[in-house]
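Derivation of every value follows stated rules applied to the coordinates shown; laboratory data play no part. In this text, all values refer to a predicted model and were calculated from it rather than measured experimentally. Here the Cβ positions follow ideal geometry from the backbone for every residue, glycine too, while neighbour counts run over all protein chains shown.
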């Protein structure tokens, strides 16, 4: 089961995130095998926070030359996006309380991701739709370095929404089989 989840996330990374260039900083660490995909089988928030803690510590303790970023897949809970979104408050508090603010941050991806003030079926929501609920642990220093060398980084979200709006139905079925298959 874990290998299928890891394969699903890798396929999404390769075909959607990198393939559509949604994150212009993702290709290099993925190519260099510095992206960890971990699977949490937690079924309650406390256990999930403990798994997140372990991944935060692993990333913090490992040089970026060996491990750039971690995606923590959550197959056994938080299927409901509202519950997942509420849980992100606990994640932010956890990062702050354990002193990782300014070092690590957590980005969010979910099969039913919906940005505030959007309709569920708006194409822009696809930019954050992943095959499983994910917590993406990012090194802030690496992100800052990447942004320094990327022109008009503030335009990435708008560009990504346009890219999603341009996808054909066939493209959506191929890229997001867990949504449209």
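Among rounded, prolate and oblate, which fits the stretch 1-72 when a ≥ b ≥ c are the square roots of the eigenvalues of its C-alpha gyration tensor, a/c under 1.5 means rounded, and a/b larger than b/c means prolate? Taking the square roots of the gyration eigenvalues as a ≥ b ≥ c, the stretch 1-72 is oblate. Over the chain, Cα pairs under 8 Å with separation of 6+ residues give a relative contact order of 22 percent.
Report the FRET efficiency, 1/(1 + (r/R0)^6), for residue 98 and residue 32, where r is their Cβ-Cβ distance and R0 is 30 Å, rounded to 0.05. Approximately 0.60, to the nearest 0.05. Distance between the C-alpha centres of the stretch 43-110 and the stretch 11-26: 20 Å, rounded to the whole angstrom.
Summed over qualifying helices (DSSP H, 4 residues or more, each -39500 (n - 2.57)) and divided by its residue number, the chain shows a 222 nm mean residue ellipticity of -13000 deg cm²/dmol. Here the Gaussian network model covers the chain, with springs between Cα atoms less than 10 Å apart; of 141, 122, 152, 152 fluctuates the most. Just to be sure I understand, if you calculate Rg and Dmax of the Cα atoms in Å for this structure, which of (i) 18.9, 59; (ii) 15.4, 51; (iii) 15.8, 45 do you get? Here the calculated entry is (iii).
Considering only 101, 55, 68, the Gaussian network model of the chain with Cα springs below 10 Å gives its largest mean-square fluctuation to 101. Springs join every pair of Cα atoms under 10 Å in this Gaussian network model of the chain, and among 70, 118, 127 the largest mean-square fluctuation is at 118.
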